[in-house]
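Enquirer: Below: one structure in structure tokens.
The values are calculated or read from the model by the stated rules, or taken from the named source; none is laboratory data. Just so it is clear, the model here is predicted, and its values are computed rather than measured. With ideal geometry, Cβ positions are generated from the backbone for all residues, glycine too; neighbour counts draw on all protein chains shown. Side chains included, ligands, DNA and RNA excluded: accessible areas come from the protein's heavy atoms. Shrake-Rupley method; radii C 1.70, N 1.55, O 1.52, S 1.80 Å.
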Amino acid sequence: MKLEVLEKNGCYHIYNRGINGCLIFQNDENKNFFLKQLSKYLLDKISIFGYCLMDNHFHLVIRLNEEEEIVTQAFSNFFNSYAKAFNKEMDRTGSLFEKHFKRIRLNGDDYLKQLIVYVDLNPKHHLDLKFQDYKHSSYQAFISNKETKIEKEEVLMLFGGLENLIFCHNQRNDFLTEKHTFE
């Protein structure tokens, strides 16, 4: 599979999962550490528009603020740092993630908005959990008054405000709930 080339100022869906579908997060502390390392290695090189950390995979919605080589190396350092710490804590060896992180370039604001909603609703997709209560997605950062490292103001402008962001998330959630009911 040929990997999408990352370009400065481009927006991307970045995602990966545990090798062979294994868990990459065993607990909330792992998820918090992942976000801490993400910030440490990448925050000055990317802008984050959305994220969701599930037990065996993650999603990031980002824009590159630096050239591809710099960002790719930072991602490599980030993933290696997390994997080493996780392996040490879990007394395991070997690869944690699938070989390369996946990336899809986003074309246009509509795609970006749809992806942010999709990523935030991942707990509903995979675990049938209430996305509104899920602690490890960007949705909480959008609706909270707490300081955040994601591009909250830019995302709220993209959606036309907080009320519309909430409406778009709830509308998609209702659609998924109805679809699930009729299957």
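Enquirer: Tell me which residues, restricted to segment 46-65, are charged (D, E, K, R), in a loop (DSSP other than H, G, I, E, B) and within 19 Å of I104 (Cβ to Cβ).
Expert: Once the filter is applied, which keeps residues that are charged (D, E, K, R), in a loop (DSSP other than H, G, I, E, B) and within 19 Å of I104 (Cβ to Cβ), segment 46-65 yields nothing.
Enquirer: Go through the residues of segment 25-35 one by one and say whether even a single one is more than 19 Å from S137 (Cα to Cα) and over 12 Å from the mean Cα position of the chain (by Cα).
Expert: No, there is no match, as no residue in segment 25-35 is more than 19 Å from S137 (Cα to Cα) and over 12 Å from the mean Cα position of the chain (by Cα).
Enquirer: Follow-up question, since we're still on this one. Looking only at segment 28-37, count every residue that is among the hydrophobic types (A, V, I, L, M, F, W, C), open to solvent by 10 Å² or more (accessible area, probe 1.4 Å) and touching a helix residue (DSSP H, G or I) at 6+ places or on another chain (Cβ under 9 Å) and tell me the total.
Expert: Qualifying residue count, segment 28-37: 1.
Enquirer: Looking only at segment 7-24, filter to residues that are touching a residue at least 40 places away in the same chain (Cβ under 8 Å), assigned to a loop (DSSP other than H, G, I, E, B) and closer than 21 Å to L35 by Cβ; which one of those is nearest to the chain's Cα centre (by Cα)?
Expert: Per the criteria, the residue is I24.
Enquirer: Write out, first by first residue and then by second, each pair whose Cβ atoms fall under 8 Å of each other, whose residues are 6+ apart or on separate chains, and whose first residue, in segment 163-174, is surrounded by 13 or more Cβ atoms within 10 Å (Cβ to Cβ) while the second is among the basic types (K, R) and assigned to a helix (DSSP H, G or I).
Expert: Matching pairs, first to second residue: C168/K113; N173/K124.
Enquirer: Let me ask something additional. Restricting attention to segment 1-15, which residues are in contact with a helix residue (DSSP H, G or I) (Cβ under 8 Å, 6 or more places away or on another chain) and surrounded by 14 or more Cβ atoms within 10 Å (Cβ to Cβ)?
Expert: Answer for segment 1-15, where residues must be in contact with a helix residue (DSSP H, G or I) (Cβ under 8 Å, 6 or more places away or on another chain) and surrounded by 14 or more Cβ atoms within 10 Å (Cβ to Cβ): L6, C11, H13, I14.
Enquirer: Okay, moving on. Pull up segment 88-125, narrow it to residues that are outside any loop (DSSP other than H, G, I, E, B) and farther than 15 Å from G50 by Cβ, then point me to the one that is most open to solvent (accessible area, probe 1.4 Å).
Expert: K88
Enquirer: May I pose another question? If the requirement is being over 26 Å from L165 (Cβ atoms), among the hydrophobic types (A, V, I, L, M, F, W, C) and either modelled with pLDDT under 95 or in contact with a Leu (Cβ under 7 Å, 6 or more places away or on another chain) (or both), which of these qualifies: I24, I46?
Expert: Answer to the selection: I24.
Enquirer: May I pose another question? Please count how many residues of segment 43-68 are over 13 Å from the mean Cα position of the chain (by Cα) and either under 18 Å from N80 (Cα atoms) or touching a residue at least 24 places away in the same chain (Cβ under 8 Å) (or both).
Expert: 7
Enquirer: Might you check whether a residue that is within 25 Å of S39 (Cα to Cα), at pLDDT 95 or above, out of contact with any strand residue (DSSP E or B) (no Cβ under 7 Å at 6 or more places or on another chain) and of a type in the set (A, V, I, L, M) occurs anywhere in segment 71-88?
Expert: Yes, because at least one residue in segment 71-88 is within 25 Å of S39 (Cα to Cα), at pLDDT 95 or above, out of contact with any strand residue (DSSP E or B) (no Cβ under 7 Å at 6 or more places or on another chain) and of a type in the set (A, V, I, L, M).
Enquirer: Under 9 Å between Cβ atoms, which residue pairs at least 6 apart in sequence (or on different chains) link something in segment 126-154 that is modelled with pLDDT of 90 or more and surrounded by 11 or more Cβ atoms within 10 Å (Cβ to Cβ) with a partner that is in a loop (DSSP other than H, G, I, E, B) and charged (D, E, K, R)?
Expert: Short answer, once both residue conditions are applied: Q140/K146; A141/K149.
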